[in-house]
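Student: Quick one: the structure is below, questions incoming.
We did not get these values from a lab; they are worked out from the coordinates using the rules stated. Model, not experiment: these values are computed from the prediction. Cβ placement follows ideal geometry from the backbone for every residue including glycine, while neighbour counts extend to all protein chains displayed.
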Amino acid sequence: MARWRIAARAASLLPALYARALRDERGTPEEREQMVWYALGQEVKAIAATFGFPTGTAEEVCEAFKAGTNMIFGPDFRISVLETSDETATLIMKGCPHQGTLREAGASGETGFSWCLPFALAAVEALNPAYSLRFVRARCMGDSQCEMTVRREEEK
C-alpha cells in the first residue's frame with residue numbers, strides 16, 4: 001500500500017512540477033525540465049525516511065536510491081549495488097523502463113538522460129549531502145548499461 005501511495009504522489013507531483021516549469025520564464029526549456037526531475041529526485045529522501053533506510057555510507061545511499069527509484073517508477077528498473085568501501089559504491093542499471101516508454105512515444109533515447117541525471121543527482125544529494133554521484137556509463141547514450149559512482153565528497 002505504501003508503494004502505491006508513493007507512486008501516486010509522484011504521478012500527481014509531475015504535472016504540478018511541469019506546470020510550474022512551463023510558466024517560469026527563467027532558463028531554457030531544457031533547464032526548466034531538468035528542475036522538474038531534480039525536484040522529483042528529492043522525493044527519494046522522504047521514501048528512505050518513511051521506510052527507515054540508513055544513509056550513512058555510500059552503499060546505504062545506493063540501496064536507498066535503488067529502493068526509492070523502484071517505488072517511484074516501478075520494478076522494471078534492474079539495479080545492482082556494488083560496495084567498494086564505506087566512502088564509495090557503484091550502481092549498475094541493466095534495465096530501464098524509460099527507454100521503452102521513450103521509444104513508444106517516438107522520442108529519442110537520449111531524452112532520458114536529461115531526466116535521469118538531475119533525478120539521480122538530487123536523490124543522492126538529498127539522501128546524504130556528504131556524497132555525490134557521477135555517471136560513468138549511460139544506456140540512453142549508447143552504453144550497454146548505466147553505471148554511476150557514489151562517493152563521499154572531500155572536505156572543503
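Student: At 7 Å along the Cα-to-beta-carbon direction for both Asp143 and Asp76, put a label point, then send me their distance in nm to one decimal.
Tutor: The answer from the label model is 2.2 nm.
Student: Along region 44-55, what does the Karplus equation 6.51 cos²θ - 1.76 cosθ + 1.60 (θ = phi - 60°) give for ³J(HN,Hα), rounded to whole Hz, x for Gly and Pro?
Tutor: 4, 4, 5, 5, 4, 5, 4, 9, x, 5, x, 9
Student: Provide the per-residue ³J(HN,Hα) series for region 59-76, in order, calculated from phi with Karplus coefficients 6.51, -1.76, 1.60 and θ = phi - 60°, each as a whole number of Hz, with x at glycine and proline positions.
Tutor: Those phi angles translate into 4, 5, 4, 5, 5, 5, 4, 4, 5, x, 5, 5, 6, 6, 9, x, x, 6 Hz.
Student: Amide H to amide H under 5 Å from Val136: which residues, 5+ apart in sequence or cross-chain, H placed 1.01 Å off N in plane?
Tutor: Those lying under 5 Å, H to H, from Val136 are Glu147, Met148, Thr149.
Student: Additional query: Quick one: in the chain, what % of C-alpha pairs are over 22 Å apart?
Tutor: 40
Student: Where is the GNM fluctuation largest for the chain (alpha-carbon springs, 10 angstrom cutoff): Ala105, Ala122, Ala49?
Tutor: Result: Ala105 has the largest fluctuation of those listed.
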